[in-house]
1. Setting aside same-chain residues fewer than 8 positions from A:Lys152, which lysines have a Cα under 19 Å from its Cα?
2. Using only the heavy atoms of the protein chains and a 1.4 Å probe, how would B:Leu224, B:Leu45 rank by accessible area, largest first?
3. Given the stretch A:2-123, what whole percent of its Cα pairs are spread farther than 26 Å?
4. Quote the total accessible area buried by chains A and B together, excluding ligands, DNA and RNA, probe 1.4 Å, nearest 100 Å².
5. Along each principal axis of its Cα atoms, how long is chain A end to end? Whole angstroms, biggest number first, please.
6. Dividing the Cα radius of gyration by the Kirkwood radius, what Rg/Rh value follows for the stretch B:6-162?
7. Which pairs in the list B:Lys296/B:Lys339; A:Lys159/B:Lys455; A:Lys93/B:Lys391 are over 29 Å apart, alpha-carbon to alpha-carbon?
8. Could you rank B:Cys440, B:Cys309, B:Cys283 by how accessible they are, 1.4 Å probe, largest area first?
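The values are calculated or read from the model by the stated rules, or taken from the named source; none is laboratory data. Computed from a predicted model, the values in this text were never measured in an experiment. So basically every Cβ, Gly included, is an ideal-geometry build from the backbone, and we count neighbours across all protein chains shown. What goes into the accessible areas is simple: the full protein's heavy atoms, side chains included, and nothing from ligands, DNA or RNA. Shrake-Rupley method; radii C 1.70, N 1.55, O 1.52, S 1.80 Å.
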Amino acid sequence: MGMAAAMRILVVEDEQKVSALIKRGLTSERYAVDVAADGIEGLELAEAYPYDLMILDLMVPRLTGPELLQRVRRNNTFLPVLVLTALDSIDDKVRLFELGADDYLTKPFAFAELLMRVKALLRRGPVNRSSTLRVGELELDRLTQQVRRAGKRIELTAKEYALLEYFMQNEERVLSRNMIIEHVWDQSFDGITNIVDVYVRHLRSKVDDGNPFKMIRTVRGTGYTIRSGNET
Amino acid sequence: MKRNSLRSRVTTFYLGMLAIALVVFSAAVYVGAKTFLTRSLEQKLRNNAHAIISDYLVPLEHKGEPWLVEEMTESYPPGYSDPFVRVSLGTRILYQSGDMHDPFVSMSKVPLPSNQRWFNAFHRETAASGQRIVLYTVPFHGTNGSVIFVETGASVEPIRRVLRSLLLIMLLATPIILVVAAVGGYLLMSQPLKPVVVLTERAERVGRKELGERLPVIPSGDELERLSLALNRMIERLEQALAHNHRFSADASHELRTPLTIIRGELESLIQVPSLPNSVMECIGSALEESTRMAKIVHSLMTISRLDCGEEKIEHAPVNLVDVVNVTLDHMGLLAEEKHISLRFYPGSATFVMGDAMRLKQIVVNLVDNAIKYTQDGGEVSVVVTTEGEKAILRVTDTGIGIPAGALPLVFDRFYRADQARSRESGGTGLGLSIVKAICTVHGGAVFAESVEGKGATFWIELPLLRLDTRVETNVDPMLETARRPVPGR
């Protein structure tokens, strides 16, 4: 996280408690965070400082989110913008991207997910696309699509493979059910089934059964994460 | 001609009125004509009789019979028969005009006056040849005590003839008038009704997609103009109500989601506190799970309300239901496997409907998820895609606990749960089937359920079948292909 200290993030959010939460969370991840409580203030700050990222609530007073986004984009086409929205129709989302948002997050969100998206936006590019993913003694070969733990081959179904790959790309990070659904399935599975839990349970039995160290962990109320076990 | 159209009803009604009016009018004319003709004939006969008495019989006593015959022959010559005239003294005929010619009536056969009741009155007689004639008889009392009868008469045949032709004209004219009035009226009615037809067609279209359209205002200044204006005002109010509803949905979701975000955030930061006792972690975890569920409910409710009021934009592309089911079941296989439920798909041939692949997939997910949820270990869930006439049918059948008959009509209601305990424990929102229903509705279809309690349930949806021309059918939504990854060993 050496780089993170240099990153400066602008949060435009009128709901004081929400901005405080985001600020607290991001600060503890060693980002520098400025908060603007309305659109005008947000615009002034965005034009005054070279931010690395803007987190923008769509419904802020004085200047609405979309207006602010348009004004910012006039001068600065590079600033990554993550939009927080309470709207979730496909229409609204498409409109957001048309206005120049880079990503969005629907309220209520898990902070872990916000953090993931922030990191993904700041990273942009150097995504790990090497053919082999490693987490502790677990190894996933993207070319042959084979998975081994401590050299022992594990047979996975297509879904389990996609799930494990997603976990391993995000080692040590908590993935919410929402993120997993959107990434491995799609939105039509959202909100109804316990599908994630079932698949994770199966994946876990294949990966962790018979091993004293359990790599795939449940984070109660939030989601799942994979641990290498190197530090423990 | 539609039986129930306003046009035919109005036409029928006024034709009836017209027919009654014509019959009454004809009857009045007929009776009137008959009375008038008879009266004038009688008037003429009476005048003639009295004229004969004052002109010839009064001076008869000092002028003598030959004078009478001479005078009368001059005034009423023997060949002259209109009216017929006869002067008689007892059984002796003093003078008599000739026979009637048109029609022929032999007057010598007409009996001499004998009945007291005939005096100073009209009586009818049937001539030997069958004609009806009318006679007027006046007795003249001479100073010498003798009684001379003057009779005048005429055939009623000319009157009858006139009346017959009048009747004929009426019988012919009435139906012709009625037919002309019917055709003319029906055609005429189409003119004022044309705006109504246009109004109806446009009104049908309003609200299918959006309310934006207004009805044409009929500038006639009459009831129809007021109707079209009133309808437009109604559409405006509907539009306002919908806009209000939309604003409410957006506001409500925003207002509910912001506190949810805060609750979540606070709990998540709480969980970061090191060395919390397990029981506290347990509580926080539970609270987090419930906040997730509440978020799901808010999300689902918004989806339904947007679908219901047509706010949610949906794609319109040909979608093969068989592909949708294949991909979806592929994603859900493990759910069934875990409960040892055999999940089968019986695909028919490619079955296309017009719609939104993601939404249709959501239908399959919800129905299959439900079926698996309510089926015991070792049961069976089967999915069938078929067509029936112009309908595409997707059927999901399970061998689960079923639904009590009384609960069947309610299962699509929001938050309805047939089995409270079970569904809550499995973490549902109680909105899955409502979403299915809402999606079916926006696709112009419907969803149905039937069940035998304890034996299982069948849910099926019917959507308008899309008949594709032979080769256009490979255009399947690429969204369906995401998350499909070839893996060896599968």
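1. Excluding near neighbours in sequence, the set is A:Lys206, A:Lys214.
2. Reading off the accessible areas and sorting them downward yields B:Leu224, B:Leu45.
3. 10
4. Chain pair A/B: roughly 4500 Å² of buried accessible area.
5. Principal-axis extents of chain A (Cα, largest first): 59, 39, 32 Å.
6. 1.22
7. Pairs exceeding the cut-off: A:Lys159/B:Lys455; A:Lys93/B:Lys391.
8. Result of the area sort, largest leading: B:Cys283, B:Cys309, B:Cys440.
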